[in-house]
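Have a look at the structure below before the remarks.
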Amino acid sequence: MPQDNRVLIAIGAGLAVVAAIVIALIFNAGRAPNPAPPPAAQGGLTVDVADAPELNTTRELRCFVDGQYIGLATLSDCARRNGVATDALDVGIDETGALAAAPTAAFAPPPVAPPIELTEAEQPPVTDQQPAEPAVQAATGSACLRHTGSDWRSLSSNMSLNACVQALYSGTCVRPGEALYGRWGDTTLRLVPRRVEQSSDNSRFRTLADQDRSCTFPGLR
């Protein structure tokens with residue numbers, strides 16, 4: 001091959017390399033530089049939660065009102081039936097393992113009240129002119145009992161309400177879905193998460209005292 005042809009081929013190859021470089025520079029000039037380091041240079045796990053799904057508020061859960069199961073309901077409907085805001089309801093696992101909603105999640109119904117044996121001093125007077133009246137709790141105190149899961153165990157035969165609550169539950173906390181029961185005279189006591197409740201009919205409960213994080217009752221003296 002003549003020498004001048006080889007020179008022309010070398011010049012053409014050089015021009016092709018230069019053209020490829022120029023074209024690459026033109027395409028890259030319009031792209032903004034990425035200031036973030038490459039993924040391999042970042043330590044730990046990076047999770048993008050921008051597309052995380054929202055909670056399904058229309059899902060129906062087992063709903064409890066006053067400790068009684070009333071059927072399936074959405075969280076907002078169950079809150080309305082309990083007379084509280086939606087965010088005041090707890091969602092927990094009931095005794096069957098299913099999700100349930102209630103003011104204190106779900107727990108077993110109160111145990112049957114124990115028979116109260118009255119002392120002679122507590123027996124109401126009976127006369128011919130006046131029928132017997134139901135006995136009332138002594139002003140100084142009443143019997144305090146703990147439910148052990150199968151029966152009732154007496155802690156004291158004469159104790160004030162506050163002292164009974166302290167004896168039953170001070171230093172004890174329960175998890176959502178759990179409840180511990182006791183009795184003070186003819187009043188049912190129930191320890192649920194964050195508070196103690198009381199009921200005069202063993203069915204409808206109202207708050208008696210709040211419990212702090214150390215499982216004590218600063219409001220009871």
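How large is the accessible surface per residue of region 178-221, computed with a 1.4 Å probe and reported in Å² as a whole number?
Per-residue accessible area for region 178-221 comes out at 50 Å².
Note on Asp77 and Val18: the extension gain reaches 13.9 nm, defined as 0.36 nm multiplied by sequence separation minus the Cα-Cα distance.
Sorting Thr148, Thr58, Thr187 by accessible area (1.4 Å probe), largest first, what list results?
Values: Thr148 60, Thr58 100, Thr187 20 Å².
Ranking Thr148, Thr58, Thr187 by accessible area, largest first, yields Thr58, Thr148, Thr187.
Here region 161-183 is scanned for amide nitrogen atoms under 19 Å from the site 7 Å beyond the Cα of Ser214 along Cα-to-Cβ, giving 163, 165-174. Tally Lys and Arg at +1 and Asp and Glu at -1 over the other residues with C-beta under 12 Å from the C-beta of Leu155: what net charge comes out? Computed value for this residue: +3. The alpha carbon gyration tensor of region 147-221 gives principal lengths a ≥ b ≥ c with a/c below 1.5, which makes the shape rounded.
State the percentage of accessible surface on region 177-217 attributable to carbon and sulfur atoms; use a 1.4 Å probe and exclude ligands, DNA and RNA. Each step should come with its number before you reach the end.
Working: 800 of 1880 Å².
Here it works out to 42 percent.
The values are calculated or read from the model by the stated rules, or taken from the named source; none is laboratory data. These figures come from a predicted structure and were not determined experimentally. Methodologically, a virtual Cβ is constructed for each residue, glycine included, from the backbone with ideal geometry; neighbour enumeration extends over all protein chains shown. Accessible surface is based on the protein model in full, side chains and every heavy atom, while ligands, DNA and RNA are left aside. Shrake-Rupley method; radii C 1.70, N 1.55, O 1.52, S 1.80 Å.
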